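> Dumping the structure here so I can ask a few things about it.
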Amino acid sequence: MNLTRRNFLKVAAAGAVMTAAGCSPKDEEVAEVNEDGEQEVEQWTKAVCRFCGVGCGCEVGVIDNKIVAVKGIEDNPVNNGMLCMKGLALPEVMNDREERLMKPQIRKNGELVETDWDTALDLVADKFKESIAKHGKDSVAFYGSAQNYIQEGYIASKLMKAGIGTNNIECNARLCMASAVTGFYGTFGMDEPMGVYGDIDYADQFFLIGSNMAENHPVLFVRLTQRKSSESDVRVIVADPRKTRTHTMSDIDLFLKCGSDVALLNSMAYVIIDEDLVDHEFVDNYTKFKKGKGLEGEISFEEFKKSLNDYAPKKAAEITGLTAEEIREAARMFADPDKKTTTFWCMGVNQQVQGTKTNNLIYNLHLLTGKIGEPGSTPFSLTGQPSACGTAREVGYFTHRLPNGRNVSNFEDRKEAAEIWGVDVDKIPAEPTYHTVAMFDAMAEGEIKVLWNMVTNPAQSMPNLNRVNEGLEKAFVIVSDVFPTETIEYADVVLPSSLWVEEEGMFGNGERRTQFLEKAIDSPESVRSDLWQLLEIAKRLGYGDLFSYGDHPEKEIFNEYREFTLGTGYDLGRYEDYVAAKGRGLLWPVIDGQETVRRFIAEDDPYVDEGIEFYGNEHGKANIVAEGYTGPAELPDEEYPYFLTTGRVIEHWHTGSMTMRAEELREEMPEAYVELHPEDADKLNVTDDDLVKLTSRRGEIELKVRVGGRGEPQPGLLFVPFFDREKLINLLVIDEYDPVSKEPEFKIGAVKIEKL
Ligand SMILES: Nc1nc2c(c(=O)[nH]1)N[C@H]1C(S)=C(S)[C@@H](COP(=O)(O)OP(=O)(O)OC[C@H]3O[C@@H](n4cnc5c(=O)[nH]c(N)nc54)[C@H](O)[C@@H]3O)O[C@H]1N2
Ligand SMILES: Nc1nc2c(c(=O)[nH]1)N[C@H]1C(S)=C(S)[C@@H](COP(=O)(O)OP(=O)(O)OC[C@H]3O[C@@H](n4cnc5c(=O)[nH]c(N)nc54)[C@H](O)[C@@H]3O)O[C@H]1N2
Ligand code: SF4
Ligand SMILES: [Mo]
């Protein structure tokens, strides 16, 4: 290879990124081997990594009903054989039998005691029946997860909406993807990205905003690094109030103030129009201008332009803390007509009270410059959980939703659902009930009396935990999990579930790819799958005929769910198609067994006859939306002078219930800390490992200080990760939410910090 010095540095950086991610390179065969150091296994089965929304394809090596190895699948288009350190740690997590929940438990005199399945399930069913009889259908609720298999999310939704007849069902994707979804609807009229991860290989420049891709989508970040090291002029802009590992690849750093993204993006749009970097032909053919909020009114280009007057770079500089020149430079680079631009964003954008509009404003930039609909030019909203798309969004695992874009408040949608489910249309209530934050509030208020919680750990992951815990204390709580958690402390019944690949299932990743996971091993004897638990409860509640699926329920359930998808643009293939495509999956819409790589363009998408058609909107065009900056819910003041932001580290998955069991990960990252800027550390006279107290209007916590670690927040900002059960930062986190998506503002709040 002929390497210039600059390229050499980049290739070296790419290697460092792989090492930091603990990534296995393509040709490294096996991560873990059996005790004798042998790589021979009895069988390899195909699956998808259980952790993030990247959805890396992997093979699972089994000896004697034990998982001894995982390796990336080389010809999986997502990861080309790579896995990051979390994927590689899966065998260790799976094999931790010491604390694994093995038997159902019931709380008696304050203590959880083991029992048998019949007793536990009868008790759950009785509690549901009793509460419904006494207090009505809306007194029981289900809180699930985008880490459920597709079939499980679908059945949970059907159980609540068609069985019981309540819309009291939500999942943790509300905390995560809700603003991405409402953003998609506002601009395109339907959910999920049009591009694919493969766009990374064609992009000339990347705009990363509110995404720490290096730690949270490591395999995609390695792909981005590989792209950057192969082409000398690939450039990267990173917009984040905090310096992270993702900055190892950046050419332009935008250290904007927390929650000022709306001002930055509007200002970039201002520059694009001001300097006439607009692709007028694209704008004329494929877009409409809309007033924000309800998106009711159409406006003209001139009116849109006028709406940006408050965001001239000089003015936006005041809000964002950036310089006018930084904003202009970023806008010019983004809009460079000779370059293909891909934008990635994640929770730094979604978890704001301005989350929905921030999503819309990112689309505005792509639409104004026509950087959409061709390989390498695409706006790409990154997903978090392994099946945030497949299970949560597509199935409609929310109070207001029915499968594949349908809403409970729409009569036709309800009618279609009722027909497939075989119930009377009136069975499905027309009014949504509680979004996630409101659901836990309703428990605290005593309105919801019984909660079934599955594959999620709200007593650690919800904002404003003191309020959430009030609800968990009050209600009768059933928890389906695999390991002990904070939430189990509040459980009245614990149902021990099968883990990943102890049953077959399907996940849908962040690029519309639905993948089949083979069953690799049997679960421990007295443990049952989440799907089995759901079907058993359905039977015990008397809905047996709606939920009878023969001896291969995963297949029959999937094929029933598929009926919802046909003709909606979210079309899925048959169950058999996914089994045949195991190891790579299929990108929807799947028409006649054929996947669709890029959506909305005639070359790839059978729904489009010619050119580009944004067919989610009736007018077939995408909306460029005028929205203004309104600011975060809580800003620092005299009493609470620092911004607090929260998030993740590469080693741990969310609440750490799984990854804290893998020795390498735990040793690398044993406990949570508060990261601060060196200037602030000086001001407070603290250094590494000093103990400090953080206090917000909602709670307080003691933490050790980290200065000059892997991340560095801007002055005035503190960062705390939320994986550590011993240090619950969410006691402090605000529970204000975006008015459209109802997604909480995990990323911004005000705190004070004191040296102890
Ligand atoms: N290792 C690991 N990977 C994961 C997960 C995990 O738990 N661990 N979880 C998965 C899930 S479910 C999700 S949702 C994703 C999350 O993936 P990310 O969104 O990448 O992760 P976070 O650390 O939550 O936040 C990302 C960045 O937002 C920045 N940020 C904070 N406030 C603002 C702001 O006002 N504006 C901007 N522009 N940026 C801001 C933070 O500094 C941080 O660097 O990760 C997925 N991948
Ligand atoms: N401060 C702060 N809080 C946040 C965020 C943030 O950025 N900052 N991000 C939010 C986001 S984006 C997300 S997605 C949420 C995630 O929050 P949660 O979903 O609450 O977090 P997890 O740790 O993923 O919880 C999954 C649970 O399922 C269990 N489990 C694993 N496998 C199985 C299985 O097969 N069956 C069953 N029944 N259980 C299983 C695990 O042990 C664990 O207890 O956190 C949110 N909370
Ligand atoms: S990048 Fe995500 S899906 Fe891929 S191995 Fe890592 S955690 Fe698993
Ligand atoms: Mo998430």
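The values are calculated or read from the model by the stated rules, or taken from the named source; none is laboratory data. Since the structure is predicted, the reported quantities are computational estimates derived from the model, not experimental observations. Cβ: placed from backbone, ideal geometry, glycine included. Neighbour counts: every protein chain shown.
> Condition check: more than 14 Å from ligand 4 (Cβ to nearest atom) and within 16 Å of E511 (Cα to Cα). Does Y185 satisfy that?
Numbers: more than 14 Å from ligand 4 (Cβ to nearest atom): yes; within 16 Å of E511 (Cα to Cα): no.
For Y185, the condition - more than 14 Å from ligand 4 (Cβ to nearest atom) and within 16 Å of E511 (Cα to Cα) - is not met.
> Separate question: Please state which of the following conditions R97 fails to meet, knowing it meets all the rest: (1) more than 16 Å from ligand 4 (Cβ to nearest atom); (2) charged (D, E, K, R); (3) at pLDDT 95 or above.
(3)
> Restrict the check to the range 64-72 and report whether at least one residue is within 16 Å of ligand 4 (Cβ to nearest atom) and either of a type in the set (F, W, Y) or touching a strand residue (DSSP E or B) at 6+ places or on another chain (Cβ under 6 Å) (or both).
Taking every residue of the range 64-72 in turn, none turns out to be within 16 Å of ligand 4 (Cβ to nearest atom) and either of a type in the set (F, W, Y) or touching a strand residue (DSSP E or B) at 6+ places or on another chain (Cβ under 6 Å) (or both).
> Answer yes if at least one residue in the range 398-410 is outside any strand (DSSP E or B), within 16 Å of ligand 2 (Cβ to nearest atom) and either free of Cβ contacts under 8 Å to residues at least 40 places away in the same chain or buried (at least 24 other Cβ atoms within 10 Å of the Cβ) (or both), and no otherwise.
As a first pass, look at the range 398-410 and keep what is outside any strand (DSSP E or B): 398-400, 403-405, 408-410.
Filter once more, keeping what is within 16 Å of ligand 2 (Cβ to nearest atom): 398.
If we keep only those that are either free of Cβ contacts under 8 Å to residues at least 40 places away in the same chain or buried (at least 24 other Cβ atoms within 10 Å of the Cβ) (or both) as well, we get 398.
Scanning the range 398-410, I find at least one residue that is outside any strand (DSSP E or B), within 16 Å of ligand 2 (Cβ to nearest atom) and either free of Cβ contacts under 8 Å to residues at least 40 places away in the same chain or buried (at least 24 other Cβ atoms within 10 Å of the Cβ) (or both), so the answer is yes.
> Consider the range 49-64. How many of its residues are away from ligand 2 (no atom under 16 Å from the Cβ), assigned to a strand (DSSP E or B) and more than 23 Å from the chain's Cα centre (by Cα)?
4
> Also, quick follow-up: Hey, could you check the range 627-669 for residues that are β-branched (V, I, T) and over 24 Å from N359 (Cα atoms) and say which is farthest from ligand 2 (Cβ to nearest atom)?
Ranking the qualifying residues of the range 627-669, first place goes to I650.
> Then there is this: Among the residues in the range 743-751, are any acidic (D, E), modelled with pLDDT of 95 or more and surrounded by fewer than 22 Cβ atoms within 10 Å (Cβ to Cβ)? Reasoning before the result, please.
Our first condition is that a residue be acidic (D, E); within the range 743-751, this holds for 743, 745.
From what is left, the residues that are modelled with pLDDT of 95 or more are 743, 745.
Right, trim to surrounded by fewer than 22 Cβ atoms within 10 Å (Cβ to Cβ) and you get none.
No, the range 743-751 contains no residue that is acidic (D, E), modelled with pLDDT of 95 or more and surrounded by fewer than 22 Cβ atoms within 10 Å (Cβ to Cβ).
> Being surrounded by 24 or more Cβ atoms within 10 Å (Cβ to Cβ) and out of contact with any Gly (no Cβ under 7 Å at 6 or more places or on another chain): is that true of G183 here?
Here the answer is yes, as G183 does meet what is asked.
> Go through the range 663-673 and give me each residue that's out of contact with any His (no Cβ under 8 Å at 6 or more places or on another chain) and either within 12 Å of ligand 1 (Cβ to nearest atom) or within 15 Å of R725 (Cα to Cα) (or both).
Across the range 663-673, the qualifying residues are R666, E668, P670, E671, A672, Y673.
> Here is a check on your reading of the model: is K86 away from ligand 4 (no atom under 16 Å from the Cβ), closer than 25 Å to F507 by Cβ, basic (K, R) and outside any loop (DSSP other than H, G, I, E, B)? Break it down stepwise before answering.
Numbers: away from ligand 4 (no atom under 16 Å from the Cβ): no; closer than 25 Å to F507 by Cβ: yes; basic (K, R): yes; outside any loop (DSSP other than H, G, I, E, B): yes.
No.
> Of all the residues that make up the range 565-604, how many are hydroxyl-bearing (S, T, Y) and either assigned to a helix (DSSP H, G or I) or more than 29 Å from F282 (Cα to Cα) (or both)?
3
> Can you name the strands (runs of 3 or more DSSP E) wholly within the range 104-150 that have at least 1 residues being hydroxyl-bearing (S, T, Y) and surrounded by 21 or more Cβ atoms within 10 Å (Cβ to Cβ)? First the steps, then the outcome.
Working: elements: 105-108, 111-114, 140-144.
The qualifying strands (runs of 3 or more DSSP E) are 140-144.
> Can I ask one more? Scan the range 296-321 for residues that are assigned to a helix (DSSP H, G or I), crowded, with 17+ Cβ neighbours inside 10 Å and touching a Lys or Arg at 6+ places or on another chain (Cβ under 9 Å) and jot them down.
The answer is F304, S307, P313, I319, T320.
Condition check ((1) within 16 Å of ligand 1 (Cβ to nearest atom); (2) buried (at least 24 other Cβ atoms within 10 Å of the Cβ); (3) under 14 Å from T343 (Cβ atoms)) across all residues:
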| position | (1), (2), (3) |
| --- | --- |
| L175 | yes, yes, no |
| A178 | yes, yes, no |
| M194 | no, yes, yes |
| D201 | no, no, no |
| L208 | yes, yes, yes |
| N212 | yes, yes, no |
| V219 | yes, yes, no |
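> Something else about it: Name the single residue that is nearest to the chain's Cα centre (by Cα) among those in the range 341-397 being assigned to a helix (DSSP H, G or I), within 16 Å of R512 (Cβ to Cβ) and within 16 Å of ligand 3 (Cβ to nearest atom).
Within the range 341-397, the match that is nearest to the chain's Cα centre (by Cα) is A388.
> Answer yes if at least one residue in the range 395-404 is within 16 Å of ligand 4 (Cβ to nearest atom), of a type outside the set (S, T, Y) and closer than 29 Å to A47 by Cα, and no otherwise. Before the answer, list the steps.
Initially, the range 395-404 is screened for residues within 16 Å of ligand 4 (Cβ to nearest atom), giving 397-398.
After this cut, where a residue has to be of a type outside the set (S, T, Y) as well, the list is 398.
Filter again for closer than 29 Å to A47 by Cα, leaving 398.
Yes, there is a match, as at least one residue in the range 395-404 is within 16 Å of ligand 4 (Cβ to nearest atom), of a type outside the set (S, T, Y) and closer than 29 Å to A47 by Cα.
> Could you check how many residues of the range 473-514 are in a helix (DSSP H, G or I), surrounded by 21 or more Cβ atoms within 10 Å (Cβ to Cβ) and within 10 Å of ligand 2 (Cβ to nearest atom)?
Of the residues in the range 473-514, 1 are in a helix (DSSP H, G or I), surrounded by 21 or more Cβ atoms within 10 Å (Cβ to Cβ) and within 10 Å of ligand 2 (Cβ to nearest atom).
> Is it the case that some residue within the range 333-349 is in contact with a strand residue (DSSP E or B) (Cβ under 9 Å, 6 or more places away or on another chain) and among the small types (G, A, S)?
yes
> Can you tell me which residue among L308, L322 is closer than 16 Å to G628 by Cα, under 31 Å from the mean Cα position of the chain (by Cα) and modelled with pLDDT of 95 or more? Break it down into steps so the answer makes sense when it comes.
Working: L322 fails: closer than 16 Å to G628 by Cα.
Among L308, L322, only L308 is closer than 16 Å to G628 by Cα, under 31 Å from the mean Cα position of the chain (by Cα) and modelled with pLDDT of 95 or more.
> Hey, I701 hits all of (1) β-branched (V, I, T); (2) assigned to a loop (DSSP other than H, G, I, E, B); (3) over 18 Å from E215 (Cα atoms) but one; which does it fall short on?
Here I701 clears every test but (2).
> Please tell me if A662 is more than 16 Å from ligand 3 (Cβ to nearest atom), small (G, A, S) and in contact (Cβ under 8 Å) with a residue 12 or more places away in the chain.
No: the conditions fail for A662.
> Would you say A324 is surrounded by fewer than 24 Cβ atoms within 10 Å (Cβ to Cβ) and either farther than 28 Å from T646 by Cβ or within 16 Å of ligand 3 (Cβ to nearest atom) (or both)?
Yes.
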